[in-house]
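Asker: This is the structure, below, for whatever I ask next.
The values are calculated or read from the model by the stated rules, or taken from the named source; none is laboratory data. Just so you know, these numbers come straight off a predicted model, no measurement behind them. Cβ sites come from the backbone with ideal geometry, for glycine too, and all protein chains shown count toward neighbours. Ligands, DNA and RNA are excluded from the accessible area calculation, which covers all protein heavy atoms including side chains. Shrake-Rupley method; radii C 1.70, N 1.55, O 1.52, S 1.80 Å.
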Amino acid sequence: MAGRKIGFVPTMGALHDGHMSLVRRAREECDYVAVSIFVNPTQFGPSEDFDKYPRTFSDDLEKCKKARVDLVFAPPASEMYPPGFDSWVEVKGFITQTLEGECRPNHFRGVTTVCAKLFNIVGPDVAYFGMKDYQQLKVIQKMVRELNMPLEIVPCPTVREADGLAMSSRNSYLSPEERDAALVLSRSLMKAQEIFASGEREAEVIEGVARQVLLSEPLVRIDYVAVRDAETLEPIERVEKEAVVLIAARIGSTRLIDNCLLSVEHRTD
Ligand code: AMP
């Protein structure tokens, strides 16, 4: 509807500048901006950090107010998942089984279900998602496309600290020593981009170089390092169209993810 464009930013709160970059984009492009703050229990595994996930609701509200957010939706879990709740929205297939799907069974089922519910409740024209959670973005885009959900998904670039660490609510778990060690994720992605820029196209070689950088940091345990097709996330041998390097690693008890695109320039000459 003209003059009534609703932009939506779904979050789990503990808002940082990564989240706020999505809010700013929505504020620029839409007439109304809604933000949800909901630590979604169904996307956490039983041994994951649901209980200790940072909750900073009054600070979050203040940030939303300053950013001229029109509506904050922060439901209790009992309202989103009342007793007897049985309806799940699931994207099946390789894209939810690989990488995060392999490390965190049922994670994406929780993500797609809560996003479908939030989209139905808020009724946005546009929803903004960070590329920081690249696989999540691709899964949501697939769900919206395949289920004909009447909204547009806008991907937004990853916001980083000055030293390269991707902003994440989970960074608050890191001790100063772990915080230093965590820099190896972005360093490793930069190295992958560097050898790609110098002409390397073999996925295995790019992956190997990124892995070597990660292995140089003894505090880091690698869950995966992978060079994949940027759309399907399927393994590739050579980077001939857009690809993505994805990393998941644990530092102490904190699990971090990061990624970067490898974009092949289309030459017309
Ligand atoms: P979360 O609260 O972690 O579920 O994130 C809510 C939204 O913010 C998701 O679309 C994330 O991808 C996005 N987001 C989180 N961290 C960043 C970041 N550093 N840069 C850009 N977007 C981010």
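Asker: Run the reach check for Lys241 against aspartates and glutamates, Cα to Cα strictly under 15 Å, same-chain hits fewer than 8 apart removed. What comes back?
Answerer: Excluding near neighbours in sequence, the set is Glu200, Glu202, Asp229, Glu231, Glu265.
Asker: Moving on to the next point. Find the all-direction average of the projected area of the Cα convex hull for the chain, expressing the result in square nanometres with one decimal place.
Answerer: 16.0
Asker: Something else about it: Which one of Phe129, Ser186, Gly3 has its Cα pushed farthest toward the positive end of the charge dipole of the chain, where Lys and Arg give +1 and Asp and Glu give -1 at the Cβ?
Answerer: Gly3
Asker: Right, something else. Could you tell me how many degrees, from 0 to 90 and to the nearest 10, lie between the Cα long axis of helix 183-197 and the main elongation axis, the longest principal axis, of the Cα atoms of the chain?
Answerer: 60
Asker: Here is a follow-up. Pairs to check: Lys66/Lys138; Lys5/Lys66; Lys5/Lys52. Give those whose C-alpha atoms are more than 32 Å from each other in this structure. Intermediate results must be reported in sequence, preceding the final value.
Answerer: Values: Lys66/Lys138 30 Å; Lys5/Lys66 20 Å; Lys5/Lys52 36 Å.
From Lys66/Lys138; Lys5/Lys66; Lys5/Lys52, over 32 Å: Lys5/Lys52.
Asker: Let me ask something additional. Roll a 1.4 angstrom probe over the protein heavy atoms and tell me the percent of accessible area of the stretch 55-115 that is carbon or sulfur.
Answerer: Answer for the stretch 55-115: carbon and sulfur cover 52 percent of the accessible area.
Asker: Please give the per residue accessible area of the chain, computed with a probe of 1.4 Å over protein heavy atoms only, in Å².
Answerer: Accessible area per residue: 51 Å².
Asker: Could I ask something else about it? Can you work out the FRET efficiency for the pair Arg221 and Leu71, with r the C-beta to C-beta distance and R0 = 41 Å, to the nearest 0.05?
Answerer: The value I calculate is 0.50.
Asker: By how many nm would the segment from Ala162 to Ser198 grow when fully extended, if each residue of separation counts as 0.36 nm and the alpha-carbon distance is taken off? The partial results should precede the final answer.
Answerer: On the way: separation 36, 0.36 × 36 = 12.96 nm, distance 2.49 nm.
Roughly 10.5 nm would be gained on extension.
Asker: Sort all Cα-Cα distances of the stretch 126-269 into consecutive 10 angstrom bins from zero, then give the percent of pairs in each bin up to the one containing the longest distance.
Answerer: Bin by bin from 0 Å, the calculated values are 11, 39, 33, 15, 2, 0.
Asker: Going by the alpha-carbon gyration tensor, a ≥ b ≥ c the square roots of its eigenvalues, is the stretch 148-226 rounded (a/c under 1.5) or, if a/c is not under 1.5, prolate (a/b greater than b/c) versus oblate?
Answerer: oblate
Asker: Quick one: length gained pulling Asp180 to Arg250 fully straight, 0.36 nm per residue minus the C-alpha distance?
Answerer: Extending this stretch completely gives an extra 23.9 nm.
Asker: Could you calculate the contour length gain from Glu48 to Glu152, that is, 0.36 nm times the residue separation minus the distance between their Cα atoms, to one decimal place in nm? Could you put the intermediate results ahead of the total?
Answerer: On the way: separation 104, 0.36 × 104 = 37.44 nm, distance 3.10 nm.
Value of the extension gain: 34.3 nm.
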